[in-house]
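Heads up: the structure comes next, in structure tokens.
The values are calculated or read from the model by the stated rules, or taken from the named source; none is laboratory data. Quantities reported herein were computed from a predicted structural model and do not represent experimental measurements. Using ideal geometry, Cβ is built from the backbone for each residue, glycine included, and neighbour counts are taken over all protein chains shown. Side chains are part of the model used for accessible areas, which takes the heavy atoms of the whole protein and leaves out ligands, DNA and RNA. Shrake-Rupley method; radii C 1.70, N 1.55, O 1.52, S 1.80 Å.
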Amino acid sequence: MKIDLGDLNAFVTVARARGFRDGARASGASASGLSEAVSRLEAQMGVRLLNRTTRSVVPTEAGQRLLERLGPALTEVETALDVVNNFRDRPVGTLRLNVPISAARLVLPAIVPRFLAAYPDIEMEVIAEDSFVDLLAVGCDAGIRYGERLEQDMIAVPIGPRVQRFATAASPAYLDHHGRPQHPRDLLRHACLHGRFSNRPAPLWEFERDGETVQVDPKGPLQVSIGTATDLAVEAAIAGMGIILLFEDWLRPHLDSGALEPVLEPWWLSFPGPFLYYPGRRLVPAPLRAFIDFIKEPMG
């Protein structure tokens, strides 16, 4: 039986992603193309490999057995091809990164254009989201996260600024009307604009000064999804709806223009910058190796 390698790869992609749309996003192929490839594979093999419903795609018992054997084999094929890639003068291929929206906005713009100019044969795909995913399951080579969110079996390389700060700010009009907080606990008497991850409660606001750490849980009229709706909270702060806490670099243009005024700046919390992380249990693909070497350079 002659089976097309591309059809096998399509099956693995869909089975790992548990869906044709998510598989398409991970692989760069179309959902319809993946569906046709899997249907063709099932017809050739004479067995159903995936159970499909309107809400999910789950491997059958036969599909699960095939997935368990195919995954390592296809990884070996990719590794073998990449060994050859290392003999080229310039690496070629696709580099897929999974990053927080904050990194896509604040870290990568200073790096990606120069990297792609230096390596014209590399294509980069950046998937920006703030949910925590299995890199290999979604077809990514590496990701960007902060230290406390890194898995232990990952290799981490510093990327971007090594120190960042959370800043609090509000419009001058809001502060003129409601007063300017002098201590973090004063925020409990103010309208505050919150961000939260979709699957967890809104985090406490944390401040630090001269060794003293203060956490508060202020209330306010607006709560948004961190990353995807953060700009809405920024615009609300500019419009005078309350005080916002966010990455200083995100707010910096508005602080510099005067649209927002710093609040409690001596208390702003500093924290280590992000890391590029990738699995340490397999050969590093040539495009990823080039990117790692690039960000290790002083200008990277």
- How many residues does segment 103-135 hold that are in a loop (DSSP other than H, G, I, E, B), surrounded by 16 or more Cβ atoms within 10 Å (Cβ to Cβ) and modelled with pLDDT under 90? 2
- Query: Which is crowded, with 16+ Cβ neighbours inside 10 Å, free of Cβ contacts under 8 Å to residues at least 60 places away in the same chain, of a type in the set (D, E, K, R) and assigned to a helix (DSSP H, G or I), of ASP22, ASP7?
  - Reply: ASP7
- Does segment 272-285 contain any residue that is within 21 Å of ASP176 (Cβ to Cβ), open to solvent by less than 40 Å² (accessible area, probe 1.4 Å) and out of contact with any Gly (no Cβ under 9 Å at 6 or more places or on another chain)? no
- Scan segment 37-73 residue by residue and report those that are of a type in the set (Gly, Ala, Ser), part of a helix (DSSP H, G or I) and at pLDDT below 80. GLY71, ALA73
- Task: Return yes when GLY93 is out of contact with any Phe, Trp or Tyr (no Cβ under 7 Å at 6 or more places or on another chain), of a type in the set (Gly, Ala, Ser) and modelled with pLDDT of 85 or more and no when it is not.
- Result: yes
- Task: Considering only segment 226-266, state which residues are small (Gly, Ala, Ser) and closer than 23 Å to ARG189 by Cα.
- Result: ALA233, ALA236, ALA237, ALA239, GLY240, GLY242, ALA259
- Message: Among the residues that make up segment 166-183, is at least one of them among the small types (Gly, Ala, Ser) and closer than 30 Å to PRO279 by Cα?
- Response: no
